[in-house]
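Structure record follows, encoded as structure tokens.
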Amino acid sequence: MTKKIWIGLVISIIVALGGVAYQKFLRSPRCAFDGSAVPPIYEVDIVLRDRSVKKYCSIYCAVQWFKNNHQVIDHVVVVDEIRGKKIDSYMAYFVESELITNETNDNRIHVFQQRQDALTHAEKFHGTVIDDPFTMDE
């Protein structure tokens, strides 16, 4: 009898933990372009002139939206992949490499705060340092 109670307790805990994980997944930010979950290390925040923020799961998704909406954008915030620190895109180094960050959209653009980190990544993953994809032409 106690074995059945123990098994029931273990199953209850597993179900409860699974529910907590599912709720966390539902509350995680969703990409404003394709609805995917936004991994914190690849997050891109586009801050609009009205101070609202649109979140994206990758550079690819953010650039797709950016192309047709640059007139309403104030600035873009990206995340340094090494330190996890948010920085304005104009301060970042971007590298396009063979390493894919998002299998769904084949994003290969990486973000670094330090130039040396960008160069190291480019060398290791056969990449090239590229210009800020969020440059706004007035």
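Taking all protein chains together and a 1.4 Å probe, the residues Arg83, Arg108 rank Arg83, Arg108 from largest to smallest accessible area.
Multiplying the residue separation of Val53 and Glu103 by 0.36 nm and removing their Cα-Cα distance gives an extension gain of 15.5 nm. Ordered from highest to lowest accessible area with the whole protein assembly present and a 1.4 Å probe, Tyr56, Tyr93 read as Tyr93, Tyr56.
The simple spin-label model puts a point 7 Å past each Cα toward its Cβ; for Thr128 and Arg83 those points are separated by 2.8 nm. Along the axis of the charge dipole computed for region 46-126 (Cβ charges of +1 for Lys and Arg, -1 for Asp and Glu, origin at the Cα centre), the listed residues Asn107, Trp65, Val95 are led at the positive end by Trp65.
The figure for Asp117 is an accessible area of roughly 40 square angstrom, using a 1.4 Å probe on the protein chains alone.
The values are calculated or read from the model by the stated rules, or taken from the named source; none is laboratory data. Owing to the predicted nature of the structure, the values given are computational and were not obtained by experimental measurement. Glycine also receives a Cβ, built like all others from the backbone with ideal geometry; neighbour counts cover every protein chain displayed. The accessibility values were calculated without ligands, DNA or RNA, using every heavy atom of the protein model including side chains. Shrake-Rupley method; radii C 1.70, N 1.55, O 1.52, S 1.80 Å.
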